[in-house]
1. If you go through the range 421-452 one residue at a time, how many are assigned to a helix (DSSP H, G or I) and over 48 Å from the mean Cα position of the chain (by Cα)?
2. Checking the condition touching a helix residue (DSSP H, G or I) at 6+ places or on another chain (Cβ under 9 Å), surrounded by fewer than 23 Cβ atoms within 10 Å (Cβ to Cβ) and small (Gly, Ala, Ser), which residue from ALA153, ALA158, ALA212, ALA228 passes?
3. Quick test for you: out of ALA212, ALA261, pick the one residue that is under 24 Å from PHE344 (Cβ atoms), over 27 Å from the mean Cα position of the chain (by Cα) and of a type in the set (Gly, Ala, Ser).
4. So, VAL461, is that one touching a Leu at 6+ places or on another chain (Cβ under 9 Å) and closer than 23 Å to GLY181 by Cα or not?
5. For the range 59-94: of the residues being β-branched (Val, Ile, Thr) and farther than 18 Å from GLU48 by Cβ, which is least open to solvent (accessible area, probe 1.4 Å)?
6. If you go through the range 6-13 one residue at a time, do you hit one that is in a helix (DSSP H, G or I), open to solvent by 20 Å² or more (accessible area, probe 1.4 Å) and modelled with pLDDT of 90 or more?
7. Which of the residues that make up the range 240-260 are open to solvent by 50 Å² or more (accessible area, probe 1.4 Å) and farther than 24 Å from PRO329 by Cβ?
8. Taking the options LEU191, LEU198, LEU210, name whichever one is among the hydrophobic types (A, V, I, L, M, F, W, C) and in a loop (DSSP other than H, G, I, E, B).
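The values are calculated or read from the model by the stated rules, or taken from the named source; none is laboratory data. Given the structure is predicted, the values throughout are model-derived calculations rather than measurements. Neighbour counts are summed over all protein chains in view; Cβ atoms, including those assigned to glycine, are modelled from backbone coordinates with ideal geometry. Ligands, DNA and RNA are excluded from the accessible area calculation, which covers all protein heavy atoms including side chains. Shrake-Rupley method; radii C 1.70, N 1.55, O 1.52, S 1.80 Å.
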Amino acid sequence: MPPPISGAASARLQWANLQWGGRFAEGPAAIMQAINASIGFDYRLWREDIAGSLAHAAMLAKQGIISEADEAAIRQGLSEIGAAIAEQKFTFDPALEDIHTNIEAWLVGHIGEAGRRLHTGRSRNDQVATDFRLWVRAAVDALDGQLRDLMRALAGRAAEHAATIMPGFTHLQTAQPVTFGHHLLAYVEMLARDRGRLADCRVRLNECPLGAAALAGTTFPIDRAMTARTLGFDRPTANSLDSVSDRDFAIEFLAALSILAMHLSRFAEEIVIWTSAPYRFVRLSDAFTTGSSIMPQKRNPDAAELARAKTGRIFGALTGLLTVMKGLPLAYAKDMQEDKEAVFDAADAAELVLAAMAGMVRDMQPDPARMRAAAGADYATATDLADYLVRELGLPFRTAHHATGRIVSAAEARGLELADLPLAAMQEIEPRITEKVFEVLTVEASVAARSAQGGTAPENVAREAARWLEALA
C-alpha cells in the first residue's frame with residue numbers, strides 16, 4: 001500500500017487550499033497546527049468514518065448525485081484505506097488535522113476526481129457527529145457484554161454462597177447477619193440498572209445526523225433515511241442545527257458510566273475491606289494482588305484499589321464535557337473537538353475496571369468460618385430478639401426495642417453475647433421471656449427467618465441467583 005499524502009509541506013498546502021476553497025494562501029502556524037489537530041486521538045474513529053463514507057457514497061449514487069463509477073471507485077479506495085489502517089500501514093498526518101481529512105486526502109490522492117465528489121451534500125460537522133454516535137453505540141454494546149459477564153460472575157458466586165453467613169453493616173458497624181450470596185446479588189441489581197441506563201442511552205443516540213451538513217441541511221436531493229438504515233440507525237435526526245451541535249448522547253453515556261463507576265468503586269472498596277487483616281473475609285490470589293518492596297508479608301489488593309481510583313477519571317470526563325458544552329451557542333464550535341478524548345478515556349477505564357472486577361469476583365475465596373464468627377459478634381441478633389418480643393409476647397415494637405436494648409446492655413456488662421446470656425438475666429428485664437427465645441438468637445435462625453421477598457434467607461438467595469443466571473445465560 002503506498003503511503004498517503006503526508007510528506008511534503010507543499011502537498012499539505014495544496015490539500016489545505018482544496019479543503020478551504022482557496023480562502024487561505026498560507027499554511028497555519030505551527031502552534032495553530034498543534035492546538036487544532038485532533039488526529040492524535042480521533043484516529044480511533046477510522047472504522048466509523050469509513051462506514052459513514054461508504055453509506056454516504058452509496059446514497060449519492062442511488063440518488064444520481066454521483067455516478068455509479070465514482071461510487072465504485074470510492075468504495076474500492078475506502079476498502080484499501082481500511083485495510084491499510086488495520087494493518088498499521090497508514091501514516092496519519094497531523095497537518096491534515098483529523099481522521100476525516102486524513103482519509104479523504106488519501107482517497108483524493110489515489111482515486112482522483114471521484115474522491116473529490118465524496119464530500120457532496122455533507123460537512124465535517126455532520127460527519128463527525130455521525131462517526132461519534134457510531135463509536136459510542138459500539139462502546140455501549142461492548143460494555144453491555146462486559147456487564148453481563150460481571151453479573152454472571154456475581155450471580156454464580158452468590159449461588160455457591162447462598163447460605164454462607166456474614167455480617168451485614170450499616171455505618172460500617174455490625175447490624176444484622178446476612179448471607180454472602182445476598183450481598184453479592186445486591187451488586188447484580190445495581191449493575192442491572194447500569195445496563196438499563198446504557199440501553200436507554202443507546203435508544204436516544206440511535207438517530208443519524210448524516211445529511212444535516214454544516215448546520216442548515218443541503219440543497220442536494222439526498223436520502224437521509226437510506227443512510228440512516230445503512231448505518232443501523234433507527235431514523236435520521238429531525239433538525240439540522242441540533243444534529244451537528246448535539247453532544248447529549250456523549251454526556252448521557254458519560255453519566256451512565258459515572259453511575260456504573262460509582263457502583264464498581266463501592267464494590268472495590270468492600271473488597272479492600274474484606275481482604276484487610278482485621279477482616280480477612282476473602283482472599284485474592286497472586287493474580288489480583290501485589291507485594292511490597294519492603295514488607296515481605298504484604299498482599300495488597302491493588303486491582304481493587306485501582307478500580308476504585310479510576311472512578312475519578314470517569315467522573316472528571318463527565319464534568320469536563322458538561323463544562324465544554326455549557327456555554328456554546330448553536331451550532332458547531334471547535335470547542336466540541338474536546339468531546340472525544342474524554343469519552344474515549346472514560347470508556348477505556350470502564351472496560352478495564354469491568355474486566356478487573358469480573359476477574360476478582362471469580363478469583364476471591366471467602367472464609368466462611370471467619371465470616372460466620374464476625375456475623376455472630378456485636379449483638380447482631382438483637383433485632384431478632386425484639387421481633388420475638390413483638391411476635392410471641394405481643395409487645396409494641398418500640399417497647400420491645402427498649403427492652404431489647406436493656407438486655408443487650410446486661411449482656412455487654414457481663415461480657416457475653418446474647419445467645420450466652422442466662423434466661424434469668426433476660427427475665428429480670430422482661431419476665432415473660434421463655435427458653436424459646438434462644439431459638440431466634442443464632443445467626444442461622446436470623447437469616448433463615450428473613451424469607452420475605454428481597455430478604456436474605458438462603459432459599460431466597462438461591463432462587464434469585466438461579467433466576468439471574470437463567471436471565472443472563
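1. Going residue by residue through the range 421-452, those that are assigned to a helix (DSSP H, G or I) are 423-429, 435-440, 443-449.
Filter once more, so that each one left must be over 48 Å from the mean Cα position of the chain (by Cα): 423-429, 435-436.
So the answer is 9.
2. Working: ALA158 fails: surrounded by fewer than 23 Cβ atoms within 10 Å (Cβ to Cβ); ALA212 fails: surrounded by fewer than 23 Cβ atoms within 10 Å (Cβ to Cβ); ALA228 fails: surrounded by fewer than 23 Cβ atoms within 10 Å (Cβ to Cβ).
Just one listed residue meets the conditions, ALA153.
3. The match here is ALA212.
4. Working: touching a Leu at 6+ places or on another chain (Cβ under 9 Å): yes; closer than 23 Å to GLY181 by Cα: yes.
Criteria met by VAL461.
5. Filtering the range 59-94 for residues β-branched (Val, Ile, Thr) gives 65-66, 74, 81, 85, 91.
This time we only want the ones that are farther than 18 Å from GLU48 by Cβ, so: 65-66, 91.
Details: ILE65: 42, ILE66: 13, THR91: 67 Å².
Looking at residues that are β-branched (Val, Ile, Thr) and farther than 18 Å from GLU48 by Cβ, I get ILE66.
6. Step one: list which residues in the range 6-13 are in a helix (DSSP H, G or I), which gives 9-13.
After this cut, where a residue has to be open to solvent by 20 Å² or more (accessible area, probe 1.4 Å) as well, the list is 9-13.
Retained after the next criterion (residues that are modelled with pLDDT of 90 or more): none.
No: zero hits.
7. Residue satisfying the conditions is ILE259 alone.
8. Working: LEU191 fails: in a loop (DSSP other than H, G, I, E, B); LEU198 fails: in a loop (DSSP other than H, G, I, E, B).
Among LEU191, LEU198, LEU210, only LEU210 is among the hydrophobic types (A, V, I, L, M, F, W, C) and in a loop (DSSP other than H, G, I, E, B).
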